[in-house]
Amino acid sequence: MTTSSRGYVPPPYPYDRLESAKAKASAHGGGAVDLSIGTPCDAPLPAVLHALASSDAERGYPPSIGTEALRSAIGRWIDRRFGLEIPNRLIAACIGTKEFVGTLPQWLKLRSPDRDTVLYPAVAYPTYEMGAILAGCRAVAVRVDANWRLDLASIDAADAARALCLWVNSPSNPTGALDDLGAAAAWGREHGVPVFSDECYCEFTWKGQPRTILEHGAEGVVAVHSLSKRSNLAGVRVGFYVGDFELVDYLREIRKHVGMMVPGPAQAAGVVALDDDEHVVVQRDRYRRRLERTAKILTSWSGIEFTMPDGGFYLWTEVGDGWDVTDRLAAEGGALISPGEFYGTQGSRSVRVAVVQPDDRIELVARRLGVS
Ligand SMILES: Cc1ncc(COP(=O)(O)O)c(C=O)c1O
């Protein structure tokens, strides 16, 4: 943690560190093709936009835990997707999942004042670590193995004894790896540590069926989901968390007091999005096609093999020096990607490429690089 005489100083936001690469990419006619931040580019379902505009839910305060309608739609989706029947009392809403991830340690620390540690994968979405730091907790990165999965055996017993929670993220951002959620749940139960499973990319699982930690029972675990990626609704902010009654109940009771409320129209839109699976099938096809095409383009350009991930919409490849390849791709292809160091030092030899641009923009990169 960085402090000054004025107190805590937040680090630069990772993507703000791409300014120099951005300048190189923007110099190309047609501008930069931004494959850095994982922000969806495709249109949401028209019925969802209609619900957003016609909910009549603007004037009153929305329930922080989520309307009965939203929680029931979440339950129906879990039943269709995973074949699990989850009662509404184990379900609550959040304002997208970034705020949930970023604030969770504060609430868990109030719940267990004798603990102070957040465990998270050493190569991961940076907000797991930031949430710990912002709560004044210890952020302890758990080593990942050669397949980018949590090495649970490497967790120090002293860290486990102090842990407020363990984060697991499958499919992983950035690596696309599918983790062993059963093993994570079992580890948490054995050590008395709540396990939070960030499953916001589960619809984009390429190897096998989408999975949830809830398949291994709800005791001591909470699955965290978002409509941002599934339904191209990152701007609407609808997420939810589901699992162990005592944990969900504690969090929703606390979160009420700080006004963590998904806006009413967004909750109504969420119901429509959750009840529709067809648009997700279309979106899966788009991402799969873009992943395959972008992998081919970058392999031809670099001579390094970019391969399909097991899940998610990122290509994650070891290239030697992540910053060097990021700069070269910006200069030669006008494409902006993320150096792996953004996700932890264990990732510094890799790059992450988010396939969140329309096909014609990806083809523009291919032309600039002179590959077919
Ligand atoms: C692993 C992971 N978790 C959570 C989020 C947050 O998504 P949102 O706040 O839009 O639900 C993201 C966004 O990129 C992510 O990659």
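The values are calculated or read from the model by the stated rules, or taken from the named source; none is laboratory data. No experiment lies behind these values; they were computed from the predicted model shown. In this analysis, Cβ positions are derived from the backbone assuming ideal geometry, glycine residues included, and neighbour counts consider all displayed protein chains.
The table below gives the values:
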{"quantity": "Residues located in region 92-122, provided they are of a type in the set (A, V, I, L, M), more than 9 Å from the ligand (Cβ to nearest atom) and buried (at least 24 other Cβ atoms within 10 Å of the Cβ)", "calculated": "Ala92, Ala93, Leu104, Leu108, Val118, Leu119"}
{"quantity": "Selection within region 73-100 - in contact (Cβ under 8 Å) with a residue 24 or more places away in the chain, under 20 Å from Arg211 (Cα atoms) and in a helix (DSSP H, G or I)", "calculated": "Ala73, Ile74, Arg76, Trp77, Ile78, Arg80, Arg81, Phe82, Leu90"}
{"quantity": "Residue in region 54-63 that is under 24 Å from the mean Cα position of the chain (by Cα) and either assigned to a helix (DSSP H, G or I) or within 15 Å of the ligand (Cβ to nearest atom) (or both) present", "calculated": "no"}
{"quantity": "Subset of region 131-142 [in a helix (DSSP H, G or I) and surrounded by fewer than 21 Cβ atoms within 10 Å (Cβ to Cβ)]", "calculated": "Ile133, Leu134"}
{"quantity": "Hits in region 156-193 - residues which are among the aliphatic types (A, V, I, L, M), within 16 Å of the ligand (Cβ to nearest atom) and either under 22 Å from Lys109 (Cβ atoms) or not in a loop (DSSP other than H, G, I, E, B) (or both)", "calculated": "Leu166, Val168, Leu181, Ala184"}
{"quantity": "Test for Ile86: is it of a type in the set (A, V, I, L, M), within 24 Å of Pro265 (Cβ to Cβ) and touching a helix residue (DSSP H, G or I) at 6+ places or on another chain (Cβ under 7 Å)", "calculated": "no"}
{"quantity": "Residue in region 2-12 that is in contact with a Lys or Arg (Cβ under 9 Å, 6 or more places away or on another chain) and either outside any helix (DSSP H, G or I) or under 22 Å from Leu233 (Cα atoms) (or both) present", "calculated": "no"}
{"quantity": "Residues that are more than 14 Å from Val168 (Cβ to Cβ), of a type in the set (A, V, I, L, M) and either part of a loop (DSSP other than H, G, I, E, B) or in contact (Cβ under 8 Å) with a residue 40 or more places away in the chain (or both), drawn from region 106-130", "calculated": "Leu108, Leu110"}
{"quantity": "Helices (runs of 4 or more DSSP H) enclosed by region 209-311 - at least 1 residues per element that are away from the ligand (no atom under 16 Å from the Cβ)", "calculated": "245-256, 264-275, 278-302"}
{"quantity": "Positions within region 275-295 being free of Cβ contacts under 8 Å to residues at least 24 places away in the same chain, charged (D, E, K, R) and over 20 Å from Trp77 (Cβ atoms), in sequence order", "calculated": "Glu292"}
{"quantity": "Residue satisfying condition, being of a type in the set (Gly, Ala, Ser) and under 18 Å from Leu35 (Cα atoms), within set Gly303, Gly312", "calculated": "Gly312"}
{"quantity": "Residue that is under 13 Å from Ala93 (Cβ atoms) and either over 16 Å from the mean Cα position of the chain (by Cα) or at pLDDT 95 or above (or both), where the choices are Val222, Val258, Val248", "calculated": "Val248"}
